[in-house]
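Worksheet for the structure shown next.
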Amino acid sequence: MKYPLFGAAVFSLASIVPAAGAEPPYLDDRSSAEALVRSLYNAIDRKEYSRAFSYFAEPPSKDLETYAKGYADTESVDLLTGQASSEGAAGSVYYSLPVAIRATAADGTERMFAGCYTLRLANPQIQESSFTPLHIESGELKPAEGPLEEALPEKCGDGPPAPPVDATLERARKAFAASYGGICDSPSVDADDGAAEPQTYPISFNYPYDEESEPRREAKLFRFWCMTGAYNEVHVYYLASDSGEVSQLQFATPELDIRYENDDPEGAVREVNLIGFTAQDQLVNSEYDEATLTLTSHAKWRGVGDASENGTWIFRSGTFSLVKYDVDASYDGEINPETVIDYHGGP
């Protein structure tokens, strides 16, 4: 095979670029107090006021028209929730949930509110002819100031204090939901491996220009599960810098021009030419190694795994750089990747 020095892959997943200004993905989830309140504000964000109205046990306004008018000038709502507390009483479970919201009007002005919602679930095992799901009993929110994480009440009633809010994690969650909520498979619902809750990895590092005496900087890597196919799993990554700024990672990936004997992909590989680089916003079958600060991917081209591409990106100087790329372009039933790029340097 022929391998020039550098390159980026024809067989890589295409980048996903959501349309700007797209409405939030539909969310209707009553599986927990937090999920239900998120569904409430999702309905308000999408201007589905009848759905929002339906989450309450008792109407929050005299009628739906009045309720909708209360949000006539609301363009969007950002929500932060704390830890729900629960208490059983008379065959029901009552939940108290701390919340903070930022409502943005059509003219761009913002208003903050904070308080608590009370929710109730009657024991599903003793309900009979007419089932009543988890619903909102009441909500008491008052004007507040400051960032959401500071406005959020520590607790509601006698419930436990809310755990410290990871502001960077909340920003990453919001960015992921905005970009991939309508693309990834049910990002708001936990997958078998806890996919909806991103995996978080702290990264300690220094820039080349830092003095040796300076303390180590701290970044955070967030891995979100996106979707699973027959033999590939797709992840999306966000990085919080040492200053707290959150951005989605884009991965340099070689683009390959692969030539087969008689132009038959099932035939022998004649040559592999590297013709450039692309930036991918997703990694396939990826893992992060905290010991070596490396991200690896292993994208199978078919289930048996005899054809694939594998990348390695290492964290240094505050970001991830491509240092190694292998490709197994032959559909020959054997796992025999060839190295296309190999440049290892220290983090």
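The values are calculated or read from the model by the stated rules, or taken from the named source; none is laboratory data. Keep in mind the model is a prediction, meaning the values are calculated, not measured. When we count neighbours, we look across all protein chains shown, and the Cβ atoms used for this are built from the backbone with ideal geometry, even at glycine.
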Exercise. Taking region 292-347, which residues are of a type in the set (F, W, Y) and surrounded by 19 or more Cβ atoms within 10 Å (Cβ to Cβ)?
Worked result: W313, F315, F320, Y325
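How about region 298-312: which of its residues are in contact with a strand residue (DSSP E or B) (Cβ under 9 Å, 6 or more places away or on another chain) and either over 12 Å from V327 (Cα atoms) or free of Cβ contacts under 8 Å to residues at least 24 places away in the same chain (or both)?
Here is the first cut: in region 298-312, the ones in contact with a strand residue (DSSP E or B) (Cβ under 9 Å, 6 or more places away or on another chain) are 298-302, 305-312.
Hits for region 298-312 are H298, R302, T312.
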For this session: Select from region 271-306 the residues that are basic (K, R) and assigned to a strand (DSSP E or B) and list them in ascending order.
Result: K300
Problem set entry | Search result, residues across region 24-38 that are in contact with a strand residue (DSSP E or B) (Cβ under 9 Å, 6 or more places away or on another chain) and either without any contact (Cβ under 8 Å) to a residue 12 or more places away in the chain or hydroxyl-bearing (S, T, Y) (or both) | S32
Problem set entry | Pairs, first within 17 Å of S31 (Cβ to Cβ) in region 119-133, second basic (K, R), C-beta under 8 Å, six or more apart | P133/R30
Exercise. Just checking, how many residues over region 313-338 are in a loop (DSSP other than H, G, I, E, B) and either out of contact with any Asp or Glu (no Cβ under 7 Å at 6 or more places or on another chain) or not assigned by TED's automatic domain parsing to the domain that holds L293 (or both)?
Worked result: 4
